[in-house]
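Enquirer: Input: one structure, supplied below.
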Amino acid sequence: AQSVTQLDSHVSVSEGTPVLLRCNYSSSYSPSLFWYVQHPNKGLQLLLKYTSAATLVKGINGFEAEFKKSETSFHLTKPSAHMSDAAEYFCVVTPGGTGFQKLVFGTGTRLLVSP
Amino acid sequence: GAGVSQSPRYKVAKRGQDVALRCDPISGHVSLFWYQQALGQGPEFLTYFQNEAQLDKSGLPSDRFFAERPEGSVSTLKIQRTQQEDSAVYLCASSKRTSGGKSSYEQYFGPGTRLTVT
């Protein structure tokens, strides 16, 4: 079975400082991994995805994530936080390969950005 | 272009009432998913359609939950005899397809319907 663990329920940073949101995954197969962002009263938006191509994945709004199989990790980073980055972030896994792709979400990390 | 839309955005139901939640997927998207997001939690899978066929309903929490997509486009999630534990945000997502080809895996989400059962 697939699962993800988001290691921090809340992360607080100052505007202009780096962001690190941590995620570890468990999967019996070569997984596909995603990060989604959820702003209040808005739908989930895909930030980036890893599907067994390059291990360093670049997404929208300056975010990137690195797939590390040896550590079973897929941490999300951004060099410099903006106030608009404040939101809930979800790490997501699917089993990979062909077939039905049910998304399995982590419990989320709330990113707080202070001026 | 138009994204996934859901209606109503907010629904308050008294315990025991039936509710129906609507999802309009992106035009041409073959696959449609329903997820339930409880307060402070990540979304959890409920059910999946490919066109009009419901291929997986393993996440539906009880037989009070029923979903349909009769013409392979709009979908309705129905909850009968609502209970307080049904209070959650119900999210709908669609994708072009889910089998074959990595680029087809992206699911586009609607804004959700917040259901409150009193």
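Enquirer: Of all residues in the stretch A:83-106, how many are within 15 Å of A:Leu21 (Cα to Cα) and either away from chain B (no Cβ under 11 Å) or over 11 Å from the mean Cα position of the chain (by Cα) (or both)?
Expert: First, the residues of the stretch A:83-106 that are within 15 Å of A:Leu21 (Cα to Cα): A:85-92, A:105-106.
With the extra rule that they be either away from chain B (no Cβ under 11 Å) or over 11 Å from the mean Cα position of the chain (by Cα) (or both), the set shrinks to A:85-87.
Of the residues in that region, 3 qualify.
Enquirer: Here are the criteria: (1) in contact with a helix residue (DSSP H, G or I) (Cβ under 9 Å, 6 or more places away or on another chain); (2) assigned to a strand (DSSP E or B); (3) not basic (Lys, Arg). Tell me which single one B:Pro61 does not satisfy.
Expert: (2)
Enquirer: Within the set of pairs 6 or more residues apart or between chains, which connect a residue that is within 11 Å of chain B (Cβ to nearest Cβ) inside the stretch A:43-62 to a residue that is open to solvent by 60 Å² or more (accessible area, probe 1.4 Å) with Cβ atoms less than 7 Å apart?
Expert: Pairs found: A:Leu48/A:Lys58; A:Thr51/B:Lys102; A:Ser52/A:Ser30.
Enquirer: Here is a list: B:Phe66, B:Phe45, B:Phe49, B:Phe33. Which entry is in a strand (DSSP E or B) and open to solvent by 40 Å² or more (accessible area, probe 1.4 Å)? Outline the logic, then answer.
Expert: Details: B:Phe45 fails: open to solvent by 40 Å² or more (accessible area, probe 1.4 Å); B:Phe49 fails: open to solvent by 40 Å² or more (accessible area, probe 1.4 Å); B:Phe33 fails: open to solvent by 40 Å² or more (accessible area, probe 1.4 Å).
B:Phe66 is the lone residue from the list that is in a strand (DSSP E or B) and open to solvent by 40 Å² or more (accessible area, probe 1.4 Å).
Enquirer: With the requirement that a residue be open to solvent by 60 Å² or more (accessible area, probe 1.4 Å), in a strand (DSSP E or B) and over 25 Å from B:Ala93 (Cα atoms), what does the stretch A:38-83 give you?
Expert: Within the stretch A:38-83, A:Leu56, A:Glu66, A:Lys68 meet the criteria.
Enquirer: Looking at this structure, is B:Lys57 within 23 Å of B:Gln17 (Cβ to Cβ), more than 12 Å from every other protein chain (Cβ to nearest Cβ) and open to solvent by 10 Å² or more (accessible area, probe 1.4 Å)? Please lay out each step first, then the result.
Expert: Details: within 23 Å of B:Gln17 (Cβ to Cβ): yes; more than 12 Å from every other protein chain (Cβ to nearest Cβ): no; open to solvent by 10 Å² or more (accessible area, probe 1.4 Å): yes.
Spelling it out, it is not the case that B:Lys57 is within 23 Å of B:Gln17 (Cβ to Cβ), more than 12 Å from every other protein chain (Cβ to nearest Cβ) and open to solvent by 10 Å² or more (accessible area, probe 1.4 Å).
Enquirer: Contact list please: Cβ distance under 7 Å, first residue in the stretch B:7-35 and at positive phi, second residue open to solvent by 50 Å² or more (accessible area, probe 1.4 Å) and in a loop (DSSP other than H, G, I, E, B), pairs at least six apart or on different chains.
Expert: B:Gly16/B:Arg81
The values are calculated or read from the model by the stated rules, or taken from the named source; none is laboratory data. Computed from a predicted model, the values in this text were never measured in an experiment. No Cβ is skipped: glycine too gets one built from the backbone with ideal geometry, and neighbour counts run over all protein chains shown. Side chains are part of the model used for accessible areas, which takes the heavy atoms of the whole protein and leaves out ligands, DNA and RNA. Shrake-Rupley method; radii C 1.70, N 1.55, O 1.52, S 1.80 Å.
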